[in-house]
Amino acid sequence: MIPLSYYLLLSGILFACGVLGFLIKRNIITIFMSIELMLNGVNLSFVAFAAQWHALSGQVFVFFVMVVAAAEAAVGLAIIIAVYRTRETLNVDRVNLLKL
Amino acid sequence: MSITAFIVISIIKSVIVLGILLTAVAYSVWLERKVSARIQNRWGPTRVGPFGLLQPLADGVKFILKEELTEPHVYRPLFIAAPNSSLVFAITSISVIPFGNWVDLGPWGTYLQITDLNIGLLVVLGITSMGVYGVALAGWSSNNKYSLLGGLRASAQMISYEVSLGLSLVGVLIITGSLSLRDIVDAQRHLHWNIFLQPVAFFIYLISAYAETNRTPFDLPEAESELVAGYHTEYSAMKFAMFFMSEYANMVTVACLATLLFFGGWLGPVFGPPILQMILPVLWFCLKVFFFMFLYVWVRWTLPRFRYDQLMAFGWKVLLPLAVANIVVTALIVAWRA
Amino acid sequence: MLHLILFLFFGTICVAGAINLLAQSHPINSALSLIAVMASLAGEYLLLGAEFVAAVQVIVYAGAIMVLFVITIMLLNAGKEERTKGSRIAILIGVPGVVIGGVLVAWTLLHRPDMQTVPIGALKGDPSAIARLLFHQFLLPFEVTSVLILIAIMGAVVLASRPEAIARPHHSTPGPQETRKLVATGKDRR
């Protein structure tokens, strides 16, 4: 019997690490992985609240988040491959042709 | 049952099953060499012990004593971790496989299974999915273009055939209504074996499993004439032995699943005194698993190899629609009967 | 007591994996830490009783999506990251900001007057119960997600293919003789 806030705290820590990774990392694949980390943190919140309110819909909604994450990962990695083919780099700071 | 009795019995079961699994893996190598030799009209191992039965022992000693070539250009942490993780995932899936019924040993009783999870089939599928990492990381960390190509090809092949593997099992699940492996076997009593109810699913499962374990006719990633040795080119001695063992352990897992899901597991004629009634189901199970291992070796030394684009096209364009069609037809028939 | 020990075990692996993802400079190490995070999250789901969700987390997330990431990192041969001016500013401002925000949220969460507790295995996520919900109440989102995956597959195939494979679908890559001709006349590069 542990308080629900512990699960929410863990979820918040994972989400914060995801945000931090999104801000400070420069390799585009690592930025993508930080997005996946954020989505995982949110999934944990869903399941924790489903356990508290005895609503199975919370666990069902995790599926939809996973499906969206999978679709986004597939399309995002395809975009990364296309960008790598033209710019020959994976550093986001170097993909700056449209910069003023 | 008290908690200490539960823990002690679980540890004993795990140790026994692990020992039997590793011996089975070693002797499946012997089986392969003997059967392949007879198919090729020669003898196979005959010198070490009667019928060459001590050959796995000699091979084990060789692998332990062989010199480990340490290359300076590999990425050390992953180079060492890849074969270990491959072996760990290959062996872990035996923990949900049931071998027989309830046995009574004095005041305690237990199922002949390390643990009966009610999502047992999903656990096996999950462990199979995680097994792709050993191959991919081995190919990449070897820092060698043949290994990288072999690793990429092998992991792409494995994740493609995982889809049709999972979908082919859905037909069995629709009929049974439970994911627990023990319930699936219990639903096949009185010769209602799923091979008669789901023959198409059985063939899709078998073909996908052959591709998943990287065995001929789908073994292009480790073909000697194509890619030197694919993702395990740079590995020698003990690490190569770990890859070898994980391949055969995966074969044993696939054979166990095929008997449990389609051929009735441990169901067979049971008679006689209680001690015989406890042993006979295990005997039937082992016979059926042995048949599937023999089938693996037989297919390997009979059929030629698929080319890589043929392999991928077959997985995505033939097996996947066939598996989905099987699900649709099964669901329609089950819904019409209900 | 056992619940707390198991929660802390899986939670420590989660947090350590997340921090390792930030700390590593090579993307393959970050990918492996993320796989560790996902596997330990599956353990957390099991503690909350969501067994089907835990199994699907391992199969889909750790076993398929992360394989996609690892294959891409291997294919593109991404090297170690470099430090640019933008990343230094982001570290200077971002890390304290997120840490302060996290501490605020943690304080609010842990100092409530009413702390509701959940037992171990709180809500049993039986596959049949979840399936009943998925196919009765959530049928429309279910069908929409299948269309979404189809669109994602088509988009990924189109985006990642070479331009000439789309323009001339029957002549994808030139054979050896054509390649020699192209190299000799200098036409093999754009």
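Using each residue's phi in segment A:85-97, evaluate 6.51 cos²θ - 1.76 cosθ + 1.60 at θ = phi - 60° and report the 3J(HN,Hα) Karplus result to the nearest Hz, with x for Gly and Pro.
Couplings: 5, 8, 9, 6, 9, 10, 8, 5, 6, 8, 8, 10, 5 Hz.
Among the complete DSSP H segments of chain C, which ones combine at least 18 Å of alpha-carbon extent along their axis with a mean Kyte-Doolittle hydropathy of 0.5 or more?
TM-like helix candidates: C:2-23, C:27-47, C:85-110, C:139-160.
Which of B:VAL328, C:VAL37, B:VAL163 comes first, and how do the rest follow, when ranked by fewest Cβ neighbours within 10 Å?
B:VAL328, B:VAL163, C:VAL37
What number, in percent, do you get for the relative contact order of segment C:1-131 if the mean sequence gap of Cα pairs under 8 Å and at least 6 apart is divided by its residue count?
Taking the mean separation of contacting Cα pairs over the length of segment C:1-131, I get 31 percent.
Which far-off residues, 5 or more places away or on another chain, put their amide H under 5 Å from the one on C:VAL118, with H placed in the peptide plane?
Amide H neighbours of C:VAL118, under 5 Å, 5+ apart: A:ILE2, A:LEU4.
Once the dipole of segment B:72-337 is set up with Lys and Arg at +1 and Asp and Glu at -1 on Cβ about the Cα centre, which of B:LEU260, B:ALA82, B:LEU167 lies farthest towards its positive end?
B:LEU167
With a Förster radius of 60 Å, plug the Cβ-Cβ distance of C:LEU4 and C:THR185 into 1/(1 + (r/R0)^6) and report the FRET value to the nearest 0.05.
E(calc), rounded to 0.05, equals 0.25.
Using the structure shown, list the pairs from A:LYS25/A:LYS99; B:LYS34/B:LYS62; B:LYS13/B:LYS239 with a Cα-Cα distance above 23 Å, or answer none.
Pairs exceeding 23 Å: B:LYS13/B:LYS239.
For chain A, what does the helix formula give at 222 nm: sum of -39500 (n - 2.57) over DSSP H segments with n ≥ 4, over the residue count, nearest 500 deg cm²/dmol?
It lands at -28000 deg cm²/dmol.
With θ set to phi - 60°, apply the Karplus curve 6.51 cos²θ - 1.76 cosθ + 1.60 along segment B:264-270 and write out the HN-Hα couplings as whole Hz, x wherever there is a Gly or Pro.
For segment B:264-270, the Karplus curve yields x, x, 9, 6, x, x, 10 Hz.
Which of the DSSP-defined H helices in chain B satisfy a minimum axial length of 27 Å, computed from C-alpha atoms, and a minimum mean Kyte-Doolittle hydropathy of 0.5?
TM-like helix candidates: B:3-39, B:145-176, B:237-262, B:274-300.
Tell me the relative contact order for chain B as a rounded percent, counting alpha carbon contacts under 8 Å between residues six or more apart.
Relative contact order comes out at 22 percent.
Using the number of other C-beta atoms within 10 angstrom as an exposure proxy, rank B:LYS288, C:LYS124 with the fewest first.
Exposure proxy ranking, most exposed first: C:LYS124, B:LYS288.
Using the Karplus curve 6.51 cos²θ - 1.76 cosθ + 1.60 with θ = phi - 60°, what ³J(HN,Hα) values do you get for each residue of segment A:18-26, in whole Hz, with x for Gly and Pro?
Each residue of segment A:18-26 in turn: x, 4, 4, x, 4, 7, 9, 8, 10 Hz.
The numbers here are math on the coordinates, done by the rules we state, and not lab data. Just so it is clear, the model here is predicted, and its values are computed rather than measured. Methodologically, a virtual Cβ is constructed for each residue, glycine included, from the backbone with ideal geometry; neighbour enumeration extends over all protein chains shown.
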